[in-house]
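Worksheet: one structure, shown below.
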Amino acid sequence: QVHLVESGGGLVQPGGSLRVSCAASGIIFSGYNLAWYRQAPGKQREWLSTITRGGTTLLTDSVRGRFTISRDNAKSTVYLQMSSLKPEDTAVYYCKASANSRDYWGQGTQVTVSS
């Protein structure tokens, strides 16, 4: 059974930093492309970043220069390092693992940016 579990969310002040993690089990982690999404209240889920099996990274324009995606295949974990956080970054952050036309999602972790 596949499980993706996000962690590391919380309350952070504007301008601060936070790292969220997503630990996977039940899959051959190294064979999957991994992505981070977020969904703010009343908005559609938004793609943020992808890291491929080979380590290539992609970022949406709104977070380029502030967010960094990385993966540790030995720990079956993908990370999203976030800096210079803004109130508009407040959302539930989700990870997704994709391979062979199959997607697996985590349950999400709340990130709130507020003073």
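Taking a virtual spin label 7 Å from the Cα of Glu88 along the C-beta vector, which residues in segment 22-39 bring their backbone nitrogen under 11 Å of it? Zone members listed by number: none at all.
Going 7 Å from the Cα of Gln81 along its beta-carbon direction, which residues of segment 8-47 have the amide nitrogen within less than 18 Å of the resulting point? Only 8-9, 15-23, 35-36 fall inside the zone, counting backbone N under 18 Å.
Expressed as a whole percentage, what fraction of the accessible surface of the chain belongs to carbon and sulfur atoms when a 1.4 Å probe is rolled over the protein heavy atoms? Result for the chain: 46 percent of the exposed heavy-atom area is carbon or sulfur.
On a per residue basis, segment 40-115 carries 56 Å² of accessible surface, using protein heavy atoms and a 1.4 Å probe.
Only one residue of Ala74, Gln13, Val63 has its Cα farthest out toward the positive end of the dipole of the chain, where Lys and Arg carry +1 and Asp and Glu -1 on Cβ, and that residue is Ala74. Averaging the Cα positions of each part gives two centres, and for segment 58-108 and segment 29-50 these lie 6 Å apart.
Placing +1 on the Cβ of every Lys and Arg and -1 on the Cβ of every Asp and Glu, with nothing else charged, gives the chain a dipole about its Cα centre of roughly 120 debye.
The values are calculated or read from the model by the stated rules, or taken from the named source; none is laboratory data. Quantities reported herein were computed from a predicted structural model and do not represent experimental measurements. For neighbour counting, all protein chains shown are included, and Cβ atoms are generated from backbone atoms with ideal geometry for every residue, glycine included. Note: accessible area is taken over every heavy atom of the protein model, side chains too, but ligands, DNA and RNA are not part of it. Shrake-Rupley method; radii C 1.70, N 1.55, O 1.52, S 1.80 Å.
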